[in-house]
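The values are calculated or read from the model by the stated rules, or taken from the named source; none is laboratory data. Small disclaimer: the values here were computed from a predicted structure and weren't measured. Every residue, glycine as well, gets a Cβ built from its backbone with ideal geometry; the counts of neighbours run over all protein chains shown. Surface accessibility is based on the protein's heavy atoms, side chains included, excluding ligands, DNA and RNA. Shrake-Rupley method; radii C 1.70, N 1.55, O 1.52, S 1.80 Å.
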Amino acid sequence: MFRYPWLFLLPFLFLLIFFFYPLSAILGVSLFEDGRLVNEGLQALVTRPYYRQIAWFTLWQATASTILTIALALPGAYVFARYRFWGKSTLKAMSTLPFVLPTVVVASAFSALLGPRSVLNEGLMVLFNLQSPPIDLQNTVWIILLAHIFYNYSVALRMISSYWQNLSPEVEEAAAMLGANPRQIWWRVTLPRLQPAVNAAAVLVFIFTFTSFGVILILGGPRFSTLETEIYRQAANLFNLPVAATLSLLQIAFTFVLMVVYTRTQARLSTASSLRAAETQQQHPHTTGQRIMLAANLTLMILLLGAPLLALIMRSLQTDSGYSLLYYTQLFVNDRNSIFFVPPIWAAVNSAGIALVTMVMAVLLGLLSAVFLSHSDQWPGLKKWLDPLMMLPLATSAVTLGFGFIIALNRPPFDLRRSLILVPIAHTLVALPFVIRAVLPALRRIPPSLPEAAAMLGASPWQASREIIWPLIRSALLVGAVFAFTISMGEFGASVFVTRPNSPTMPVAIARFLSQPGSLNFGRALAMSTLLMGICTAGFLLIERFRIGDEGEF
Amino acid sequence: MLSVHHFTKTFGDTIAVNDVSFSVKEGDILCLLGPSGCGKTTLLRLIAGLETADSGRLTIDGQPPAVQPHERDFGMMFQNFALFPHKNVFDNVAFGLLIRGMSDIDRRVAEMLELVALTGYEKRTIDQLSGGEQQRVALARSLATQPRLLLLDEPLGSLDRALREKLMIDLRLILKQVGVTAISVTHDQSEAFAIADQIAVMNHGQIEQLSPPEILFSEPRTPFVARFLGFSNIVPGRWLENGRLDTPLGAFDLSYQPGNGPVDVLIRPTALSSDNPDHGIPIHGTITAVTFRGRFYQVAFTTNHHNFIFELPAPKPSLGPFRGFLDSTQIWPLPNR
């Protein structure tokens, strides 16, 4: 295993050049100019109320999204934790689908459901002969919150319900025997017992919504700005690099703190949940009240998760002259006044190529990292800071990464601004933690005695790796590879910085279509979103097929 | 056949194996017996080549073995059997043969499975096997390549009590049938007694005693060995000028060669009786507790401010003062401290 020890330096070198170096460049741009310490960015941040408003809105929308998500997910979690019903495992598996859907796809889907040109509005306008769309949530905070709930509902549901089902209902029964009514039991017994899971889920949802980019940029329009979208606007539209860099620093600080909090809450979660497994406690609903509870939650879930995706598909087929594949065929046409200079479908080719390269890089680096990390188990002191180090890119927002790339990698020693490899590199950084998280548990599950047994039977280290280790991590690695591919296909935050205008990726192309006027552009955005959704769903099905248990999730 | 010369291995500040030397005869089964953390598994792994000794060397038939474990041609059975979970029984047993590129693998595997009474199990997957069956597959796998030396790390350690009792008899029979030289590690003295020709009792990284099982039991050399074998009555004693052994229970004339100075004395639990044996001395004390143990009553006996555990036959002894005799043939002065 350690015949070529320098190989294990590769992941570190990769992180050093493509993660820490851009981050330090952000620090440099924010605080220094021509070698002098300056504080213009910082000053602007503190003195101008505009930035205070942005920070406030970032916190506000994240908090609101989190509270709404948890409030909606709790009853659903109850249903999943305590009842058996037909189709439960399929529904539970399908509920993670949003997690792999690209943000731009979700934004398109919500536009198609609740925007001015939505399926709903066009129907109502024809029906009641209206001049303007009656339901237009586009560019309101409501559509942002709804999209965030769509994304995070199932994350919260899964985390809370899997914890809940391991809690014995006997404690609630004991409380009832002591005279507590159902409301008292909920507030005084059940909710406090669920606290670790609720906390962990809330922190995770907060992180996701705090760093949400595509949803806010596309659905919120110019009216709404969070730290994340403001970094993009300052850097890409206004070329105000010091302010963008200072905002990035703020963002980095926030996410790191949140990540530390999450690691803490999650640690408590895993120690407590291993106490007891009680799936046998689940039963079929038998009272009318229970049936209504079940039906209401399942309806909400299917509506919440299904409606936007269904609206997306329907709306992509609905043209001014009835249902047709017009928008799809239009993807192959190179307009004279095109925003891409090539037929839009080339974005799919670009994305696929980039995703393949990303997959190869992320799998190689992820495998090396995971092998190294699994060996570092022998040195607890080293392991304590190596694990978080490898996961650090996960805590960094994609926009920050992309921004760091354009200011750090456009000049020697790493002048990659014009290089095609820049996009896959950015995607690899985003995907790497997921590959590691998929492979590392599989590696750690292999007892050291297995390769030792192989050695004692005469197998060389190479033979032992090939015959024993490889077959045992193969499917985990496949999951990691598909994850990397899917993440790359949908990556948006870093891509908007690093893709070149004439070779966009699918999400970048979708966002550009959405920002252009006209029903053709809208239709093509939805058509491409539908294609992208199909690709990501295929990836998701592959992952579900090969995933072992619940591992490698977050 | 195999000789270990001055093996020492430290992990950080702890000395796992401390200047250990011993030899094993061709065809013998040696058991390394000791409590957890005594260094017995580390010693086994040093022999296997899975760990590297800080100092000391190993010879086999007078020659040093290869450095890499996979070139040593030793077999090893691991504590949790370490069966390859993605391979079936046949492929597990055949693994070493395939690696060596041997011919006639089918026949050899069939032979091995017959040896461990698992004929017909070829296509079973590992998770379809019971613990006892897994143990036998692991044994078949490690014997299939006809290793020069078989190393066994707690070969029955992960099985439940009743199964262990049966399998330890089978294990010795199979090892003797094959005639392989073996070193087995265990913390269980009954397992060691059942399978070993020689037992090495280990403590704090050192071998305290290396003897055949019978000698170990009748003539433990140190208080640690005596206690580890389950003897609890060990009292301080002293050799007198006249060759008698003075203990808190009285002075004994013993048939052993007397020593001099202070000595730890083992009083076997069967030493106390109510009738006078041939070499008995009278004793009186108090019985403070009586427990029925099936074939005998276990009594807590206090005399001269010392507490002892003895075994008395029926009828049930009563609590309170007791007058009886101590059999001096059941008194064993431990040679080392």
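Taking the Cβ-Cβ separation of A:E170 and A:N237 as r and a Förster radius of 51 Å, what is the calculated FRET efficiency to the nearest 0.05? According to the calculation, E is roughly 0.30. For the range A:430-554, the C-alpha radius of gyration sits at 1.47 times the compact-globule guess of 2.2 N^0.38 Å, with N the residue count. Tell me, rounded to the nearest percent, the portion of alpha carbon pairs in chain A spaced more than 30 Å apart. That fraction is 54 percent. A Förster radius of 35 Å combined with the Cβ-Cβ distance from B:H6 to B:R337 puts the calculated FRET efficiency at roughly 0.90.
Nearest 5 percent is fine: what portion of the DSSP beta bridges confined to the protein assembly as shown is antiparallel? Here the antiparallel bridges make up roughly 75 percent for the protein assembly as shown. Counting, for every residue in B:78-84, the Cβ atoms of other protein chains within 10 Å of its Cβ and taking the mean gives 5.
Sequence-ordered 3J(HN,Hα) estimates for the range A:290-297 from the Karplus curve with 6.51, -1.76 and 1.60 and θ = phi - 60° stand at 5, 5, 5, 3, 4, 4, 4, 5 Hz, glycine and proline given as x. Here the simple spin-label model places points 7 Å from the Cα toward Cβ, and for A:L9 and B:I281 these points are separated by 7.5 nm. How many angstrom lie between the Cα centre of the range A:420-468 and the Cα centre of the range B:255-291? Each part's Cα centre sits 63 Å from the other's. Seen from A:N297, the other residues with C-beta closer than 12 Å to its C-beta sum to a net charge of +3, counting Lys and Arg as +1 and Asp and Glu as -1.
Counting Lys and Arg as +1 and Asp and Glu as -1 over every other residue whose Cβ lies under 15 Å from the Cβ of A:L526, the net charge comes to +2. Note on A:A295 and A:V261: their simple-model spin labels are 4.0 nm apart, each label 7 Å out from Cα toward Cβ. Reported value for the range B:11-64: 94 Å³ per residue, from the convex hull of its C-alpha atoms.
With K and R counted +1 and D and E -1, the other residues having a Cβ less than 11 Å from that of B:R141 yield a net charge of +1.
Sorted by mean Cβ packing within 10 Å, highest first, what order do the peptides A:5-12, A:253-260, B:327-334 take?
Sorting A:5-12, A:253-260, B:327-334 by mean packing, highest first, produces B:327-334, A:253-260, A:5-12.
Put a dot 7 Å past the Cα of A:T63, heading toward its Cβ, do the same for B:K25, and the two dots end up 8.3 nm apart.
Of B:I174, A:I135, the residue with the largest accessible area leads and the full order is A:I135, B:I174 (1.4 Å probe).
Can you work out the PRE-style zone for B:N304? Point 7 Å along Cα to Cβ, and I want the residues of the range B:209-229 with backbone N under 12 Å. The answer is none, because no backbone nitrogen lies closer than 12 Å to the label point. Given H placed on each backbone N at 1.01 Å, which residues far from B:A16 in sequence or on other chains put an amide H within less than 5 Å of it? Residues meeting the criterion, in which the H sits 1.01 Å from N, are B:K9, B:T10, B:F11.
Counting Cβ atoms of other protein chains within 10 Å of each Cβ in A:441-449 and taking the mean gives 2. For the segment A:462-473, counting C-beta atoms of other chains within 10 Å of every residue's C-beta and taking the mean gives 2. In this calculation the C-beta distance from B:F296 to B:Q257 is compared with R0 = 22 Å, giving a FRET efficiency of 0.10.
Computed over every Cα-Cα pair of the range A:94-250 and binned at 5 Å starting from 0, the pair-distance distribution P(r) comes out as 2, 8, 13, 13, 13, 12, 11, 10, 8, 6, 4, 1, 0, 0 percent. Shape class for the range B:181-337: oblate, because the ratio a/c of the largest to smallest gyration tensor axis (alpha-carbon atoms, square roots of eigenvalues) is 1.5 or more and b/c is at least a/b.
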